[in-house]
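Visitor: Starting off with a structure, shown below.
What follows draws every value from the coordinates through simple rules; no lab data is involved. All values reported here derive from a predicted model rather than from experimental measurement. We place every Cβ from the backbone using ideal geometry, glycine too, and count neighbours over all the protein chains shown.
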Amino acid sequence: MEVTLFALDFTADKVRLGSSYLLTGTDSYLVDRVLDTIRAKLKKKENADTFIIYGDEVKSPELADLLDTYSIFSSTKLIIIKNAESLKTKEMNILADYFSSPSEIQSLAIVTEKADARYDYWKKIKAGTLVINCDPPPYGGAIRAWLDKALKDINKTMTDKAIEEFLSRIELDYYNAANELTKLDLLTGNRKTITESDIILSLGTSRSGTLIDFYRALGRKQAKQSIEAMEKMLFADWKPLQILFQLTRFYSNIWKILLLKKAHISDKEIIANHLNDIYATQRKEILDLSRSYNLASLENIFALLLETDQQFKLTVAEPQILLCNCLLKILDA
């Protein structure tokens, strides 16, 4: 029976040599957190060597040789397979067959964006591993749950006001939140309580460059400000595909709001019950921004987003240029 565990609930006591792990999802912070936990435990307790291979590079002889534990040279090891969704069918079958008779002196950590259960090889892999969900935070409350654990890890607390300020200022992203908490930890030094003043000092009073500024510019159909916000995100090492995802997320919420309004759902009820993937402090503002759009324009916008996603994969044009063209067309839709 398949067991799935959320990444933040994965702890070192769940790691043992001979067990294997399937990490599914796209959140790199969660993936790194789980892999670090597995690697550290197996190195400390079993002195296991770590081997890292990539699904878009490894070939069947290399994979078969690495999985083989009958060689006289075999030793305890952890095999990390990244980008496993890129494995070809032959390599996938070799990997799946390993779980018919897994070794007790090695563990596998398989990282993939998704594991399609329609294929027999994924069924076998899932049956032989602990599945760990590494999806991005779906709503603000998930960041709060992460914050509680992260504060405990650094042996610090936050005042209620500080928590409210922290959650309202960061992006809906574990990696960003972890970076900001690290800065706060350094700022406060030996002091055990993080205050509202610390948050304002560390994160600043301006929210420039954050998602909410991007959303505001989109909601007000401000082309110049939208491009500037996007450029700041790119400068901060956001990938074009991540920004495209945020565009899709923003317009999905606008579309949801417009449909709810069409069904005569009140603004108050929409804010209270239907925007759970948006921070509570931002819901009214997003609802207000929806007034710049209508359902007909949203159809065109989603067509543009889909077209741009396909262009990312099929053309040699720079993704930044494709993204900029998409943004300008959206604001003109």
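Visitor: Would you mind giving the three semi-axes, in whole Å and largest first, of the ellipsoid equivalent to segment 70-157 according to its Cα gyration tensor?
Guide: Numbers: eigenvalues 206, 75, 20 Å².
One finds semi-axes of 32, 19, 10 Å for segment 70-157.
Visitor: Turning to a different aspect of this structure: With N set to the residue count of segment 3-59, report its C-alpha Rg divided by 2.2 N^0.38 Å to two decimal places. Before the final figure, lay out the partial values.
Guide: On the way: Rg = 12.1 Å, N = 57, 2.2 N^0.38 = 10.2 Å.
Relative to the rule-of-thumb radius for its length, segment 3-59 sits at 1.18.
Visitor: So what is the relative contact order of segment 119-267, in percent, for Cα pairs below 8 Å that sit 6 or more residues apart? Spell out each step's value before the answer.
Guide: Values: 89 pairs, mean separation 25.0, N = 149.
That works out to 17 percent.
Visitor: Now a separate question. By what distance, in whole Å, do the Cα atoms of segment 273-333 stretch along each of the three principal axes, largest value first?
Guide: Result for segment 273-333: principal-axis Cα extents of 42, 23, 16 Å.
Visitor: Provide, as a two-decimal number, the C-alpha radius of gyration of segment 214-333 over 2.2 N^0.38 Å, N being how many residues it has. Intermediate values should be presented prior to the final figure.
Guide: On the way: Rg = 14.6 Å, N = 120, 2.2 N^0.38 = 13.6 Å.
Scaled against compact globular proteins, the figure is 1.08.
Visitor: Shifting gears a bit: Give the relative contact order (percent, whole number) for the chain; include only Cα pairs under 8 Å separated by 6+ residues. Intermediate results must be reported in sequence, preceding the final value.
Guide: Numbers: 411 pairs, mean separation 54.9, N = 333.
Value for the chain: 16 percent.
Visitor: Please order 297, 226 by the number of other Cβ within 10 Å, starting at the fewest. Each step should come with its number before you reach the end.
Guide: Details: 297 17, 226 24.
Final ranking by Cβ density, sparse to dense: 297, 226.
Visitor: Right, something else. Quick one: 291, 169, 33, fewest Cβ neighbours within 10 Å first, how do they rank? Show your work: numbers first, answer last.
Guide: On the way: 291 12, 169 20, 33 17.
In order of increasing Cβ crowding within 10 Å: 291, 33, 169.
Visitor: Would you list which aspartates and glutamates come within 19 Å of residue 59, measuring only between C-alpha atoms, while excluding same-chain residues fewer than 8 positions from it?
Guide: Here the aspartates and glutamates satisfying the reach criterion relative to residue 59 are 68, 85, 91, 97.
Visitor: Give a residue-ordered list of calculated ³J(HN,Hα) values for segment 96-111 (Karplus: 6.51 cos²θ - 1.76 cosθ + 1.60, θ = phi - 60°; whole Hz; x for Gly, Pro).
Guide: Values, residue by residue: 5, 5, 4, 6, 6, 8, x, 7, 8, 10, 8, 10, 10, 10, 9, 10 Hz.
Visitor: Can you return the lysines within cross-link range of residue 262? Criterion is Cα-Cα under 27 Å, with same-chain partners fewer than 8 residues away left out.
Guide: Within the straight-line cut-off, residue 262 pairs with 221, 284, 329.
Visitor: Using Cβ contacts closer than 10 Å as the measure, can you line up 173, 9 from fewest to most? Working shown, then result.
Guide: Values: 173 19, 9 11.
So the residues, fewest neighbours to most, are 9, 173.
Visitor: Too long at a 25 Å Cα-Cα cut-off: which of 41/192; 114/239; 232/256?
Guide: On the way: 41/192 28 Å; 114/239 19 Å; 232/256 28 Å.
The answer is 41/192; 232/256.
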